[in-house]
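The structure appears right after this line, and notes come after that.
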Amino acid sequence: MGRTSPGQDSPLNRIRWRGILALIPALVWSQPFRVGENLHYTAQFNFIPAGWATLQVLEMDTVHQQPTYHVYFQARTGKIADRVYKIRDQIHTWIHYQEYYTHRQQKIIREGSYRKNSTTDIDYQRAIAVTGTDTFRISQPLRDVYSLFYYLRTIPLELDSILQFTAFDNNRETPFRLRISKRETVSVPAGSFTCIKVNPFREKRSLFKNQGDIEIWFSDDETRIPVQIQIHLKYGSMLLQLDSYTL
């Protein structure tokens with residue numbers, strides 16, 4: 001019987017690879033979310049029912065040879081709000097399955113008469129972000145609001161602490177901070193939750209172009225679900241409240 005070289009298949013190598021492959025589901029399943037999670041929200045504008053939104057973990061995928069979660073956000077106005085300002089937004093984001101950096105984002109925006117389709121690919125090996133035919137240099141790992149949501153669900157949130165992040169929006173890096181402000185009970189259609197409230201912000205500037213700020217309430221348990229999201233805009237307030245969920 002011939003000798004099996006280290007690079008060839010062997011019972012030992014097969015056992016070793018089986019052990020490695022067996023660990024992958026455990027690593028994924030140990031996260032507070034998994035493929036198939038579906039969070040459904042009601043939407044209000046200035047306390048008037050306006051529509052709904054969903055946030056889903058669709059699948060595991062590969063982007064730039066990196067394992068990622070494919071996350072999908074959808075927002076729609078209802079029939080009454082459609083008459084005033086119709087919204088049909090869809091956003092796909094691919095985030096690293098352990099580090100939770102953004103690797104790709106696809107936007108399909110339909111807001112009133114405004115239309116925008118865009119895809120941004122972030123290649124950390126080459127330190128570039130590509131949107132359409134435009135290429136931009138990046139200096140550090142980047143997050144969008146959705147990858148930030150999932151990252152915050154995996155780390156300890158210590159009250160009164162401030163975390164620093166960098167986003168990529170409108171084709172440029174945008175540094176911002178996040179304050180973990182307090183613990184409070186929040187009642188939403190899905191029930192009553194003890195939550196940790198966080199506030200993303202920028203120094204001496206509004207986080208959004210329209211002079212808005214955002215507050216997010218995460219459930220203070222092992223799932224760390226974003227239970228409520230409030231965006232304070234120039235002409236009012238948008239409130240998303242958890243209505244139902246499948247974990």
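Every number here is computed from the coordinates shown, using simple stated rules; none is lab data. Remember, predicted model here, so these are calculated numbers, not experimental data. A quick note on method: Cβ atoms are made from the backbone with ideal geometry, for glycine too, and the neighbour counts reach across all protein chains shown.
Would you order MET60, MET238 from fewest to most other beta-carbon atoms within 10 Å of each residue's own beta-carbon?
Ranked by crowding around the Cβ, least crowded first: MET60, MET238.
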Practice problem: Search the structure for amide H atoms under 5 Å from the amide H of ILE225, placed 1.01 Å from N in the peptide plane, and list their residues when 5 or more places away or on another chain. | Solution: SER219
Quiz item: Going down the table (LYS182/LYS234; LYS86/LYS182; LYS79/LYS182), which pairs top 32 Å between alpha carbons?
Solution: LYS86/LYS182; LYS79/LYS182
Quiz item: Which far-off residues, 5 or more places away or on another chain, put their amide H under 5 Å from the one on ASP144, with H placed in the peptide plane?
Solution: THR102
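Is the shape of segment 35-180 best called rounded, prolate or oblate, per the rule: a/c under 1.5 gives rounded, else a/b larger than b/c gives prolate, else oblate, with a ≥ b ≥ c the square roots of the Cα gyration tensor eigenvalues?
prolate
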Quiz item: Given H placed 1.01 Å from N in the peptide plane, which residues other than close sequence neighbours of LYS86 have an amide H under 5 Å from its amide H?
Solution: GLY112
Practice problem: Would you mind classifying segment 69-133 by shape? Square roots of the alpha carbon gyration tensor eigenvalues, ordered a ≥ b ≥ c; an a/c under 1.5 is rounded, otherwise it is prolate if a/b is larger than b/c and oblate if not. | Solution: oblate
Quiz item: What list of ³J(HN,Hα) couplings, whole Hz, do you get for segment 84-90 from phi and the Karplus terms 6.51, -1.76, 1.60, once you set θ to phi - 60° and write x for glycine and proline?
Solution: 8, 7, 7, 10, 9, 9, 9
